[in-house]
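The values are calculated or read from the model by the stated rules, or taken from the named source; none is laboratory data. No experiment lies behind these values; they were computed from the predicted model shown. Note that we place each Cβ from the backbone using ideal geometry, even for glycine, and neighbour counts take in every protein chain shown. Please note that ligands, DNA and RNA were not included when accessible areas were found on the heavy atoms of the full protein model with its side chains. Shrake-Rupley method; radii C 1.70, N 1.55, O 1.52, S 1.80 Å.
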Amino acid sequence: INDSLGHSAGDDLLLQLSKRLLGCVRLVDTVARLGGDEFTVLLEAPREPDGPARVATRMLEALKKPFVLRSGHTVFSSASIGIVTSSPEYKHPEELLRDADTAMYEAKAAGRGQYVMFDPAMRARAMSTAPGSMSQPMKPRPSIPAATPVEPEPIMPSSTGPPSGVTRRTFHRMRPSS
């Protein structure tokens, strides 16, 4: 969008995307933009075990509708969503993001408009196909600078306990309609 319609249109789209995502979660949940076209959603204590999948389905449905930008252009978006549920095995927020990323790439491989729940076999597959196949350490994901408006706190354990889940998402290329 930035390249074809300009940064103002890209900013408008991100704002509209954010509002749609916020409309899919409860007030106690958190939606955060990690950068570019990546968002993370933290669900605080989902009421049902299938809560994260239900939220992902609502998000995918919300993003199917066209976006009408202030410029008058109409653009379309789709998403791939990776879901991971917190457990005691996770000691650091980056581990949740890593596994949500892994599930997101599985969702991308399955086609647009999909979500995938993480399972540990996915990590094993990802590690076996990584460049160097574990002969070289993986490069850590760069941290978000403190000055960035969206900081990584949403994935940190809160005073009420560890997060119950993290949804990592990325948007596919969007194109203006004619």
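Structure values in brief
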read-out: Accessible area (Å², 1.4 Å probe, nearest 10) - Ser18; value: 30
read-out: 5 angstrom amide H check on Gly6, placed H, neighbours 5+ away; value: none
read-out: Cβ charges +1 (Lys, Arg) and -1 (Asp, Glu), total dipole of region 1-50, debye; value: 200
